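Visitor: Can you read through this structure? Questions will come right after.
FYI, it's all coordinate maths here, none of it is from the lab. What you see is a predicted model, and the numbers here were worked out from it, not measured in a lab. Neighbour counts are summed over all protein chains in view; Cβ atoms, including those assigned to glycine, are modelled from backbone coordinates with ideal geometry.
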Amino acid sequence: MKVVIISGLSGAGKTRAADWFEDQGYYCIDNMPPQLIRNFLELSLQSSNSIEKAVFVADIRGGEFFDELETCVDTLRQMEGVDSTLLYVEASDNTIVKRYNETRRNHPLTGGRATVKVIEDEKNMLQKVRDKADFILDTTHMKVSDFNLQLSRIILGEESGSVFNINLTSFGYKYGIPNESDIQIDMRFIPNPYYVKSLRKLTGNNKKVSSYVLKFDITKKFLKDFVGLVEDLVPGYIKEGKYHLNVAVGCTGGHHRSVAVANELGRIFSEKGYRTTVTHRDLDFIAKGDKK
């Protein structure tokens, strides 16, 4: 029997996760006391019409019963005939506060307004459960479709490379750094095509500019080292429930070096099997004759 326990922060998306599992044919039970979960499974395994897939939502709403969840998780992992998974769902403090304000619901820990202090208290209560989680899913920036997609990848299974998204954005420092970036890389160490008269009016999408930027040994070394770094980080991100990485690639104006390097990184990561997008934020013109 496949058994999933969903736990995590209030307002992070546990109910939505349970809905997804129900759509996949799981028998769903919300807020069952942890010490009763084993009894339920034993009865089910003995029944002639045993349940093949079950999901339980267990969180601080269980009050004093919630303290038994850690023991319950350990017990399920040792039960014969049970393949168990603990999914922990979380989001940033500000995101959860915003969600509660929008729905006008009270936080279950206090029965009152959701505040950062209340959320931090809940985090502390849940820390030991989080430490036992098989998967941690951060829903801070997720739309419903993204949330469902991540659950499909985690539960239904795909290779780590194919489930990880790398979003590359070229930009110019003179126009500001993209707010959504996780990693920012500065291409201003590469000789600037702007000072080559024949390349000045072109962009990094042009083959001549791209060849110029990518021909330098320092560029080649950077690309090799950066790709290796990201590949080393991806398994850790996935383990922590993060399935996308936003990389901002900058140069002075966002027209030459950053564009060429972002394109090249996009090509490399795509060939390695990652889902990749490339956006050129400050490329507001395409010069005549500019071709990829």
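Visitor: Give me the lysines in straight-line cross-link reach of Lys207: C-alpha distance below 25 Å, same-chain residues under 8 apart excluded.
Guide: Reachable lysines: Lys174, Lys197, Lys215, Lys220, Lys221, Lys224, Lys272, Lys288, Lys291, Lys292.
Visitor: For segment 243-256, take each phi angle, set θ = phi - 60°, evaluate the Karplus expression 6.51 cos²θ - 1.76 cosθ + 1.60, and give the result in whole Hz per residue in order, putting x for glycine and proline.
Guide: After applying 6.51 cos²θ - 1.76 cosθ + 1.60, I find 10, 8, 9, 9, 10, 9, 10, x, 9, 4, x, x, 10, 10 Hz.
Visitor: Assign unit charges at the C-beta atoms only (+1 for Lys and Arg, -1 for Asp and Glu), then state the dipole size of the chain relative to its Cα centre in Debye, rounded to the nearest 20.
Guide: 2220 debye
Visitor: Further question: Rounded to the nearest 500, what is the chain's calculated 222 nm mean residue ellipticity when only DSSP H runs of at least 4 contribute -39500 (n - 2.57) each, over all residues?
Guide: After summing the helix terms and dividing by the residues of the chain, the value is -12500 deg cm²/dmol.
Visitor: Using Cβ counts within 10 Å as a stand-in for footprinting exposure, how do Ser170, Ser84 rank, fewest first?
Guide: Ser84, Ser170
Visitor: On to the next question. Using θ = phi - 60° and the Karplus form 6.51 cos²θ - 1.76 cosθ + 1.60, what ³J(HN,Hα) does each residue of segment 199-207 get, whole Hz, x for Gly and Pro?
Guide: Along segment 199-207, the couplings run 10, 4, 8, 8, 10, x, 7, 7, 4 Hz.
Visitor: Can you list residues from other chains, or at least 5 along the same chain, whose modelled amide H is less than 5 Å from the amide H of His244?
Guide: Asn165
Visitor: Order 262-269, 106-113 from most to least packed using the mean count of other Cβ atoms within 10 Å.
Guide: 262-269, 106-113
Visitor: So if the hydrodynamic radius of segment 2-157 is defined as the Kirkwood radius over C-alpha pairs, what does Stokes-Einstein give as its diffusion coefficient at 4 °C and 1.567 mPa s, in µm² per second?
Guide: 81 µm²/s
Visitor: Which lysines have a Cα lying under 29 Å from the Cα of Lys98, excluding residues fewer than 8 positions away in the same chain?
Guide: Lys14, Lys117, Lys123, Lys128, Lys132, Lys143, Lys239, Lys242
Visitor: Further question on the same structure: Using Cα positions and a limit of under 16 Å, work out the lysines in reach of Lys53, with same-chain residues fewer than 8 apart set aside.
Guide: Counting by Cα, and skipping residues close in sequence, Lys53 has these lysines nearby: Lys2.
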